[in-house]
Each structure stands twice: as C-alpha cells, then as structure tokens.
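Taken together, the values in this text are just the output of simple stated rules run on the coordinates, not laboratory data. Values in this document were obtained by computation on a predicted structure and should not be read as measured data. Using ideal geometry, Cβ is built from the backbone for each residue, glycine included, and neighbour counts are taken over all protein chains shown.
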Amino acid sequence: CRAFHLTTIPTTMTSRILLAPLAALTISSALVAQTTTPAPTPPLLTAEQVKTIKLQLKEAEAAIAQQRGGNLTVVLQKLRTGASNDAAALALLADCEKLVSVERKELTREEEKRRETRVKRQEDQNKEKKDDEEGDMGTAVRLQLHYLVLSIEAGEADDMEKMTPKLAAYAQELVAAAEKLKGRAGNHLRQAIDDNVFVDAFQLERYLKKDKWSMEPLNFGEMWEKGVLPTFRAKKKSELAAQWDSRIGFETAFRKGAMSEAEFQLWGQNELPAVKWSRAMDLFQNGDKPVNGMADMLRLVKESPAHPDSPKWLAELNKLVDQASPEANADAVPATGTPAK
C-alpha cells in the first residue's frame with residue numbers, strides 16, 4: 001500500500017478538501033444562530049382585555065385611597081384627642097399599653113397580675129410626681145402624641161413647606177413646657193417616635209417617612225435639617241438664614257428652661273457655637289448671599305478662640321477664602337458674560 005501524500009492531489013482538489021470543514025462550520029454556526037434567536041413573544045392580552053384591566057385597577061386605586069384615608073383619619077382623630085390635654089394623653093397611653101401588652105397576647109394569671117401592678121404604679125407616678133427629677137409625664141406624653149401626628153402628616157404631605165409652621169408651633173410648645181420636661185418625662189419624650197406603644201397599637205410604622213422627617217421629638221437640629229431646611233435651600237434661599245435663626249432660637253430657649261444654669265452655660269460654650277458654624281457654612285454653600293455666610297464664619301472664629309473646634313474652623317475658612325480669591329478664579333466668567341478682571 002503506497003503512502004498517501006497531499007502533494008499528489010491536484011491543487012483544486014486540495015482547496016476543496018481544506019475549505020469543506022470551514023464551510024460546514026459556517027453553516028453550523030448559522031444554524032445555531034437561527035435556533036438560539038428567540039422568536040417574538042406574542043402579546044398575552046388583547047387590547048380589550050388591557051382596557052378592562054386598566055379600568056378595574058383605577059377603581060381599585062380609588063377604593064384603596066378611600067379606605068386608607070378613612071382608616072388614617074380615624075387614627076389621627078384618636079391621636080389628636082389624646083394630644084388635647086394631659087389627662088387624655090395618659091388615658092390613651094394606658095389603653096394602648098393594655099392593647100399591645102394584654103389583648104394581643106395570651107398572659108397567665110400571674111403575668112396579668114404583675115402587669116396590672118406595674119400599670120397601677122406607673123399611673124400613680126404619672127399623676128403625682130411632677131418635680132425636677134421626674135418632670136411631668138402627662139405633658140411629655142401629650143407632646144409625644146402631638147409630634148406623632150405631625151410625623152404622620154409629614155409622611156402624607158406632597159409639599160413639605162406646609163409642615164414648617166406646624167413644626168414651629170410644636171417647637172413653641174416645647175419651649176413653653178421646657179421646665180416640665182426634666183428627668184423621666186424628658187427621657188420619655190426623647191424616645192424615637194417610630195418606636196413607641198402608640199405606633200404599635202395603631203400599626204403606624206408604614207406611615208412614617210424617616211428619610212424626610214426626624215423621628216426624634218426633642219432633636220431640634222434633625223427636625224429642622226430634615227423637615228425644614230431642604231425646602232428653603234432649594235426654593236427660598238433668601239429665607240434660609242431666618243429658618244436657621246428660628247431653629248437656634250427655639251433650641252436655646254428650650255434648653256434654658258429644661259437645663260440647670262450650669263448645664264446651660266456649658267451648652268452655650270460648647271454646642272451653640274458649633275450649631276452657629278453649621279449655620280454659617282450652610283449659608284455660604286446654599287444661601288442667596290454666600291459672602292454673608294463667610295462673614296459669619298469669620299466672626300465666629302474671632303469670637304470663639306477657645307472653642308475646641310476653632311483650629312478646624314480656621315483651617316476651613318482659610319481654604320474657602322483661598323478658593324474664592326481672584327487668583328483662584330482668574331478664568332471665571334461672571335454672570336454678566338464679561339471676563340473677570
């Protein structure tokens with residue numbers, strides 16, 4: 001048997017032999033591509049079916065809005081009634097504690113007896129103790145209910161600017177009741193509004209929008225930072241300073257009433273300047289006249305040389321001045337369209 005050599009095959013035949021596998025591969029690839037390309041999915045619904053379902057969804061939306069609004073209206077009315085006076089607030093608190101701790105749970109006789117004793121002792125404390133150590137629990141619970149109502153309204157609001165006067169009214173109530181919110185009463189009001197017996201009793205967690213409203217009823221900074229200032233930064237820059245002044249004024253007045261003289265002095269020396277620095281920085285970055293914010297920063301640095309944050313403030317202000325200097329903005333074009341000089 002003679003050896004078979006490729007050189008003995010004519011050139012045209014050689015080409016056919018070499019190209020045949022390539023052609024087969026090309027055909028195979030084309031077939032794979034055809035088989036893997038998904039066929040268009042036919043529509044699942046006819047135009048008439050789409051129209052019918054859309055109509056039913058619209059009816060369902062109206063029913064949901066009506067039912068949800070009706071339920072929420074009933075709950076808000078109960079909360080507002082509780083917030084109308086101290087006695088009503090404490091009565092609603094007792095009812096909600098009973099609902100959450102007893103009616104929704106199966107307690108043994110021993111557990112029920114201990115609960116009744118604890119509730120009775122708590123009620124006696126709420127009614128009788130209103131000194132500097134305990135504060136006034138009726139006032140604390142009433143204000144807690146007031147802030148819970150505001151929190152629900154904020155979660156439903158389409159325009160947060162409407163909440164500004166309501167929050168200011170609540171802050172004014174805090175100031176008026178400051179001396180009653182010491183000790184245990186003050187601690188009660190400091191509880192996060194989304195973690196209390198009223199929210200549990202009425203299942204209100206889903207109505208609270210934590211991203212745009214503070215859950216802390218005594219945190220003036222966060223109340224304004226989430227509920228007020230974003231609106232004025234975006235739409236009313238010329239009024240931003242006034243809102244900061246309002247926030248600082250409310251907190252200062254509240255702390256003066258709720259703290260001892262020594263505590264208030266320490267707050268004024270350490271915390272208040274830091275709040276004022278935040279105000280000045282915000283006005284520089286977001287106000288209608290940035291130079292006014294820078295002037296406030298300079299004033300604060302000069303007035304508070306002993307403050308722990310003064311070196312940091314000085315460094316920040318130096319950096320801002322350098323960034324705002326003519327040298328740093330030599331190529332800037334003013335709003336008039338003429339080159340900067």
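For the range 188-315, just say rounded, prolate or oblate: build the C-alpha gyration tensor, square-root its eigenvalues into a ≥ b ≥ c, call rounded for a/c under 1.5, and beyond that prolate if a/b exceeds b/c, oblate if not.
Judged from the Cα gyration tensor, the range 188-315 comes out oblate (a/c at least 1.5, b/c at or above a/b).
How much net charge surrounds Ala315 when only other residues with a Cβ under 14 Å from its Cβ are counted (Lys, Arg +1; Asp, Glu -1)? Walk me through the numbers before you get to the answer.
Details: positive: Lys312, Lys319; negative: Asp309, Glu316, Asp322.
So the surrounding residues net to -1.
Please turn the phi angles of the range 281-288 into ³J(HN,Hα) values with the Karplus equation 6.51 cos²θ - 1.76 cosθ + 1.60 (θ = phi - 60°), one per residue in order, whole Hz, x for glycine and proline.
So the Karplus estimates, Gly and Pro as x, are 5, 5, 5, 5, 7, 10, x, 7 Hz.
Report, to one decimal in Å, the Kirkwood hydrodynamic radius for the range 234-303 based on all distinct Cα pairs.
That comes to 12.8 Å for the range 234-303.
Let me check I've understood the local charge: for Asp194, count other residues with C-beta under 14 angstrom from its C-beta, Lys and Arg +1, Asp and Glu -1. What total comes out?
Summing Lys and Arg as +1 and Asp and Glu as -1 gives 0.
Give a residue-ordered list of calculated ³J(HN,Hα) values for the range 184-198 (Karplus: 6.51 cos²θ - 1.76 cosθ + 1.60, θ = phi - 60°; whole Hz; x for Gly, Pro).
Each residue's phi maps through the Karplus curve to give 5, 5, x, 5, 4, 6, 6, 4, 4, 5, 8, 9, 9, 5, 5 Hz.
Sort the following peptides by mean Cβ neighbour count (other Cβ atoms within 10 Å, averaged over residues), highest first: 198-211, 82-95.
Listed from highest to lowest mean packing, they are 82-95, 198-211.
Go ahead and run the numbers for FRET between Gln203 and Arg80, Cβ-Cβ distance against an R0 of 25 Å, rounding to 0.05.
On the way: r = 18 Å, r/R0 = 0.71.
Computed FRET efficiency for Gln203 and Arg80: 0.90.
Could you calculate the FRET efficiency of Ser325 with Asn270 from 1/(1 + (r/R0)^6), where r is the beta carbon distance between them and R0 is 25 Å, rounded to 0.05?
For R0 = 25 Å, the calculated efficiency reads 0.20.
Given a Förster distance of 45 angstrom, what is the FRET efficiency for Asp158 paired with Asp309, based on the Cβ-Cβ distance and rounded to 0.05?
It comes out at approximately 0.70.
Please work out whether the range 158-255 counts as rounded, prolate or oblate from its C-alpha gyration tensor, where a ≥ b ≥ c are the square roots of the eigenvalues and a/c under 1.5 means rounded, while otherwise a/b larger than b/c means prolate and anything else oblate? Kindly include the intermediate steps, with their values, before the conclusion.
Numbers: a/c = 2.59, a/b = 1.22, b/c = 2.13.
Note, shape of the range 158-255 comes out oblate.
Could you order peptides 221-229, 155-163, 282-290 by the average number of other Cβ atoms within 10 Å of their residues, highest first?
Going by the mean number of other Cβ atoms within 10 Å, highest first, we get 221-229, 282-290, 155-163.
What list of ³J(HN,Hα) values in whole Hz, one per residue of the range 204-218 in order, does the Karplus curve 6.51 cos²θ - 1.76 cosθ + 1.60 (θ = phi - 60°) give from phi, with Gly and Pro shown as x?
So the J values, rounded to whole Hz, are 9, 3, 6, 8, 9, 9, 5, 6, 10, 8, 6, 8, 10, x, 10.
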